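Structure first, commentary second.
Derivation of every value follows stated rules applied to the coordinates shown; laboratory data play no part. Please read these numbers as outputs of a predicted model, since none were measured by experiment. Methodologically, a virtual Cβ is constructed for each residue, glycine included, from the backbone with ideal geometry; neighbour enumeration extends over all protein chains shown.
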Amino acid sequence: MAKKYTFKIENQTHIWEEQFITGAQVRAIPPGIPENMDLFIKRKGSPGELVADSDTIDLSEKGIERFYYQQADSTPG
């Protein structure tokens, strides 16, 4: 049985069956993230980091990755 990876978008938990996920794949998970919103990843102990559609995230890193999004012209929080 293949390993499954857990991550969150906002506060909703998702299961992914591959070790890697791109920013575009995260954006496409229903209900989807609008194009006028920036996607960020938050890792424990680090500030939010902008994720481009072409960026690849390794879901095997320790802890649960937390993605969030906000208006494209705002400051990461």
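Modelled this way, with points 7 Å down the Cα-to-C-beta line, the labels at Ser60 and Ala72 are 3.4 nm from one another.
The lysine pair tally for the chain, using Cα distances under 15 Å and a gap of 8 or more places or different chains, is 7. Ellipticity at 222 nm from helices only: DSSP H runs of n ≥ 4 in the chain, each -39500 (n - 2.57), divided by the residue count, give -2000 deg cm²/dmol. For Arg66, the residues whose modelled amide H falls within less than 5 Å of its own, excluding neighbours fewer than 5 places apart on the same chain, are Lys8, Lys42. With a simple spin-label model that places each label point 7 Å from the Cα along the Cα-to-Cβ direction, the separation between Glu18 and Thr6 comes to 2.2 nm. Peptide packing for 59-65, 39-45, 11-17 was compared via the average number of neighbouring C-beta atoms within 10 Å per residue; ordered from the highest value, the list is 39-45, 59-65, 11-17.
Placing +1 on the Cβ of every Lys and Arg and -1 on the Cβ of every Asp and Glu, with no other charges, gives the chain a dipole of roughly 440 debye about its Cα centre. Alpha-carbon geometry of the chain: the Rg and the Dmax are 12.0, 43 Å, given in that order.
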